[in-house]
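Coordinate-derived values only; no laboratory data. Note that the coordinates shown come from a computational prediction; the quantities given were computed from them, not determined experimentally. Virtual Cβ from ideal backbone geometry, glycine too; neighbours counted across all protein chains shown.
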Amino acid sequence: METSGLFEPDVLMGDEWGATFRRRGAMSSEKRLMLAVLKNALQSYQKYALAQSAHESQLFEEVAEWFDCEYSEWFFSFRSICENLEINPVYLRRRLVEWRQELLGSRPERCESAR
């Protein structure tokens, strides 16, 4: 079963998110870098959401903690990036959690006899 990706317009991208991507050409270098950091974090969150190894689980936990952090003094904190890119961090966090819950819910049950 194929699951929705994080970048599905009807699933995650609100008007403000889509507008951010449309404005890419007019963005400053700093904002383009911030967008790249956010995109990388989203891709890592998606890639490691169903982590099975200890290393992958650690990578997922690190990126999940970055999304959850409210600290905005650091230039590349999640909150600071969202503020600079005019993205609602509360909405994005909520959609990430919902996306992962849907993904975990759609995962087939492991059969003990299949081992």
**Request:** Arrange the following residues from fewest to most other Cβ atoms within 10 Å of their Cβ: Val90, Val63, Val37.
**Result:** Val90, Val37, Val63
**Asked** Mean separation of Cα pairs under 8 Å and 6+ residues apart, divided by the residue count of region 15-105: what relative contact order is that in percent?
**Response** 28
**Asked** In what sequence do Tyr45, Tyr91, Tyr71 fall when counting other Cβ within 10 Å, fewest first?
**Response** Tyr71, Tyr91, Tyr45
**Message:** Looking at the calculated P(r) for region 15-105, what percent of the C-alpha pair distances fall above 23 Å?
**Reply:** 25
**Item:** Simple Cβ-charge dipole of region 15-105, Lys/Arg +1 and Asp/Glu -1, about Cα centre, in debye nearest 20
**Value:** 460
**Complete:** Ranking Leu35, Phe78, Leu96 by how far each Cα lies towards the positive end of the charge dipole of region 15-105 (+1 on Lys and Arg Cβ, -1 on Asp and Glu Cβ), the top one is Leu35
**Asked** When Ser80, Ser57 are ordered from fewest to most other Cβ atoms inside 10 Å of their Cβ, what list results?
**Response** Ser57, Ser80
